[in-house]
Amino acid sequence: MSPDEFRKHGHAVIEWLAAYMEGVENYPVASQLSPGDVRARLPEHAPEHGEPFADIIEDLDDIIMPGITHWQSPNFFAYFPANASPPAILGELVSAGLGVQGMLWATSPACTELETHMLDWLVDLMGLPEEFRSSGPGGGVIQDSASSAALCALVAARHRASPGDLKVYTSSHAHSSIEKAVRIAGFGDDALRLVDVDDDFALRPDALAAGLASDVAAGATPCLVAATSGTASSMAFDPLRPVADICRRHDAWLHVDAAMAGSAAICTEHRGFLDGLDLADSFCFNPHKWLLTNFDCDCFYVADRTALIDALSVLPEYLRNQASDSKEVIDYRDWQVPLGRRFRSLKLWFVLRSYGAEELRAMIRRHVELASSFASWVEASDDFELCAPVHLNLVCFRHRGGDEVNHELQEHLNSSGKLYLTHTKLNDRTVLRMSIGQARTELRHVAAAWEQIQAAARG
Ligand SMILES: *Cc1c(COP(=O)(O)O)cnc(C)c1O
């Protein structure tokens, strides 16, 4: 494809995406296809000769689109938001076009320096602890996901810990990525301690303290505690300050996973959960969930980068260079698992500059307000009840008729294509989750969803 053809098809693809944005509300939210439907329509072998670009776009419409679940629909209330936005898409496009590998400062200085700078900007914007700023011993890096951030935190924690029988602690409501990190890092399933939660599904510091004490008494070494600010299941917030105090007493690394909720800290009134974060060793949140920056973009901060870099730095001769030897630059390959890395900070830069902090705050506030309206409707209803404290943009609720009724309700609503909801289990009961965080979601979408939920329940 020549630059001229690229120009022509590129314009057409942007046109296609703009039309998608305008019409995304009209698609059935969850794809209604069955397993194998997409593959059945694809040729068995790759083409021997190039095909016209128009044919590819035609198949995009015919074959791919029916198999899309529309995360960008304003009626998407499942899992968590995964917002794309026009400036983020354009930043991503530039990143793809430049095709830069940002593993070392020397392999593209701008890739490293813009990333460092964006992560410092976010320290300001979110009121994060000064320890996370790059000017001190700490600093931030963009990971592909919160799962990778957890793994890097764990590997750094192990590097810092005294050798021994290492244990890892997290609440029974923590994200599965913590358990996965423990497994990948080779700690063995025995090393993971799931700590009890309170009535609001937040980690109980007394249970954590007891767990550490009993392990220490048995000769084991607490290595890392993973606290969650905003659990995936019900948006519970573990109390960071008491958890941090326990970690300090035992020299255990404290990692704070705020993958979903973290973005809310750009609003001063939603910063309460940061209390105690200044005592944490690492922290992560996902702009790819709730800050209009399309996947992948997880911001991962450490209060002291020494252990992380010492744990992950391996320097073969072919990567040696003057800038790295001078120790005056950051080489982000030492802050992550892979060597290669994309220029992800471009899309964050495009987003922060295009919207400005005020507009991002307004979006978060709108979603929080919509969730609170939805919660008030549930509370006022005779047939439904709230199942967890409502924090930020998530409402956990259920029909009073029991698990079976809620499963059928979910099934019925999702197959209607008008909205998409997922569920969780709280206190062994099936609970529906209304996660409100799509950029286009307005009051009318949430109100219509509530109408449909009630209508479905009436049968
Ligand atoms: C979404 C989520 C994760 C996983 O995020 P990835 O970036 O997809 O790995 C982890 N923890 C919490 C609390 C989450 O909400």
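The values are calculated or read from the model by the stated rules, or taken from the named source; none is laboratory data. These numbers come from a predicted model, not from an experiment. Backbone-built Cβ (ideal geometry, glycine too); neighbour counts: all protein chains shown.
Quick notes
- Within region 217-234, the set of residues being surrounded by fewer than 14 Cβ atoms within 10 Å (Cβ to Cβ) and of a type in the set (A, V, I, L, M) comprises Ala217, Ala218.
- Residue that is part of a helix (DSSP H, G or I) and either touching a strand residue (DSSP E or B) at 6+ places or on another chain (Cβ under 9 Å) or more than 16 Å from the ligand (Cβ to nearest atom) (or both), where the choices are Ala244, Ala259: Ala244
- Residue under evaluation Arg400, criteria (1) touching a Phe, Trp or Tyr at 6+ places or on another chain (Cβ under 8 Å); (2) surrounded by 13 or more Cβ atoms within 10 Å (Cβ to Cβ), criterion not met: (2)
- Residue in region 117-130 that is among the small types (Gly, Ala, Ser), within 16 Å of the ligand (Cβ to nearest atom) and at pLDDT 95 or above present: no
- Only a single item in (1) out of contact with any strand residue (DSSP E or B) (no Cβ under 9 Å at 6 or more places or on another chain); (2) under 24 Å from Phe201 (Cβ atoms) is not met by Val351, and it is number (2).
- Restricting region 276-290 to residues that are over 26 Å from His250 (Cα atoms) and in contact with an Asp or Glu (Cβ under 7 Å, 6 or more places away or on another chain), the residue that is farthest from the ligand (Cβ to nearest atom): His288
- Scanning region 167-197 for residues that are within 16 Å of the ligand (Cβ to nearest atom) and part of a helix (DSSP H, G or I) yields a count of 9.
- Residue match in region 138-153 (condition: over 20 Å from the mean Cα position of the chain (by Cα) and of a type in the set (Asp, Glu)): no
- Qualifying residues in region 319-351 (those that are closer than 26 Å to Leu291 by Cα and among the hydroxyl-bearing types (Ser, Thr, Tyr)) - the one surrounded by the most Cβ atoms within 10 Å (Cβ to Cβ): Ser345
- From the list Asp251, Asp144, Asp238, Asp200, the lone residue that is within 16 Å of the ligand (Cβ to nearest atom) and either closer than 19 Å to Asp281 by Cβ or crowded, with 21+ Cβ neighbours inside 10 Å (or both) is Asp238.
- Qualifying residue in region 216-235 (condition: assigned to a helix (DSSP H, G or I) and in the same structural domain as Asp144 (by TED's automatic domain parsing)): yes
- Hey, Glu385 assigned to a helix (DSSP H, G or I) and surrounded by fewer than 21 Cβ atoms within 10 Å (Cβ to Cβ) or not: no
- The listed residue being over 16 Å from Ala146 (Cα atoms) and surrounded by fewer than 22 Cβ atoms within 10 Å (Cβ to Cβ), out of Arg183, Arg193: Arg193
- Which listed residue is of a type outside the set (Phe, Trp, Tyr), in contact (Cβ under 8 Å) with a residue 40 or more places away in the chain and more than 26 Å from Ser233 (Cβ to Cβ), from Ala362, Ala388, Ala311, Ala371: Ala311
- For region 27-82, a residue qualifies if it is away from the ligand (no atom under 16 Å from the Cβ), of a type in the set (Gly, Ala, Ser) and closer than 30 Å to Leu443 by Cβ, and the qualifying residues are Ala30, Ser31, Ser73.
- Matching option when the condition is part of a helix (DSSP H, G or I), farther than 30 Å from Ser135 by Cα and of a type outside the set (Phe, Trp, Tyr), among Leu370, Leu432: Leu370
- If you filter region 291-313 down to residues that are of a type in the set (A, V, I, L, M) and within 16 Å of the ligand (Cβ to nearest atom), you find that the one that is surrounded by the fewest Cβ atoms within 10 Å (Cβ to Cβ) is Leu292.
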